[in-house]
Amino acid sequence: MTSPLDTVASPPGADAAPSDSSVVTTGAVTASQADPPVVLPWWQNPVNILTMVLTVALLAGMLGWLVGQSGRGAEPSAVDVGFLQDMRVHHEQAVDMSRIFLERPDIDGGLRPVANSIQFGQSIEIGLMIQLLRDMDAPTEREDDQAMAWMGMPMPAAEMPGLASDDKLQALAESSGADADRLFVELMIAHHEGGIEMSNEAAQRAENEDVRVYAALWARSQADEIAELQGLG
């Protein structure tokens, strides 16, 4: 994933270049000569923030419409429902983990856009999972604490593949700087690896065509994010 370019805001008067080609080397230094350009990180620039919000809203609307137009009436299987319910919980931890990391002081600026992307992207995907479950007239949440029965390996929800323990999340919340960077990369790679395992299984065994398509897409996107995290970690 390529992060947006930083936006450079020129100070007042910087665009008024003198018509004379000569350079004055004596006398008072002007404000435009003394003040360096102000460089805003992309996530602090108001234009980029507005663009991100509008893009997320547009994508959510488009994807919601696509879900609503397809898959209606498809008979859900235990794999369809179980995968969506479990992956929703899985994604919710990734969103929470990204939020915790982004609140840490002195984190690596290169990891910040990756965490932002995970937080926004997986929030949208959670909405898709909920809509798919509603279209199937299935509960949007598990009715008990048992997960992974749809894969033939029932276990407590907290033990799903890749989920970070409460102790690990607390350690992330108490970290800063390079320690926070290292722990976030470690936990998110393990988290995504578990999500890929689940998504690949659903892509092969789900009855609902929409579930198979989205599961395959989610597996690829998480693999891409792992590669990016490994490159930055």
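The values are calculated or read from the model by the stated rules, or taken from the named source; none is laboratory data. Remember, it's a predicted structure, so these values are computed and weren't measured experimentally. All Cβ positions, glycine included, derive from the backbone under ideal geometry; neighbour counts span all protein chains shown.
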Do we have residue 188 as over 22 Å from residue 231 (Cβ atoms), in contact (Cβ under 8 Å) with a residue 24 or more places away in the chain, of a type in the set (A, V, I, L, M, F, W, C) and buried (at least 19 other Cβ atoms within 10 Å of the Cβ) here? no
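Okay, residues lined up against (1) surrounded by 24 or more Cβ atoms within 10 Å (Cβ to Cβ); (2) closer than 17 Å to residue 147 by Cβ; (3) at pLDDT 95 or above; (4) touching a helix residue (DSSP H, G or I) at 6+ places or on another chain (Cβ under 8 Å):
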| position | (1), (2), (3), (4) |
| --- | --- |
| 194 | no, yes, yes, yes |
| 200 | no, yes, yes, yes |
| 219 | no, no, yes, yes |
| 226 | no, no, yes, yes |
| 232 | no, no, no, yes |
Does residue 132 fit the bill of being within 21 Å of residue 96 (Cα to Cα) and either touching a residue at least 60 places away in the same chain (Cβ under 8 Å) or out of contact with any helix residue (DSSP H, G or I) (no Cβ under 9 Å at 6 or more places or on another chain) (or both)? no
Does segment 109-131 contain any residue that is part of a loop (DSSP other than H, G, I, E, B) and in contact with a Phe, Trp or Tyr (Cβ under 8 Å, 6 or more places away or on another chain)? yes
Hits in segment 184-233 (condition: outside any helix (DSSP H, G or I) and under 19 Å from residue 160 (Cβ atoms)): 206
Residue 165: of a type in the set (Ser, Thr, Tyr), under 13 Å from residue 98 (Cβ atoms) and either without any contact (Cβ under 8 Å) to a residue 60 or more places away in the chain or in contact with a helix residue (DSSP H, G or I) (Cβ under 7 Å, 6 or more places away or on another chain) (or both), yes or no? no
If you check residue 112 against the conditions, is it at negative phi, crowded, with 16+ Cβ neighbours inside 10 Å and modelled with pLDDT under 95? no
Boolean, residue 141 is charged (D, E, K, R), surrounded by fewer than 22 Cβ atoms within 10 Å (Cβ to Cβ) and not in a helix (DSSP H, G or I): yes
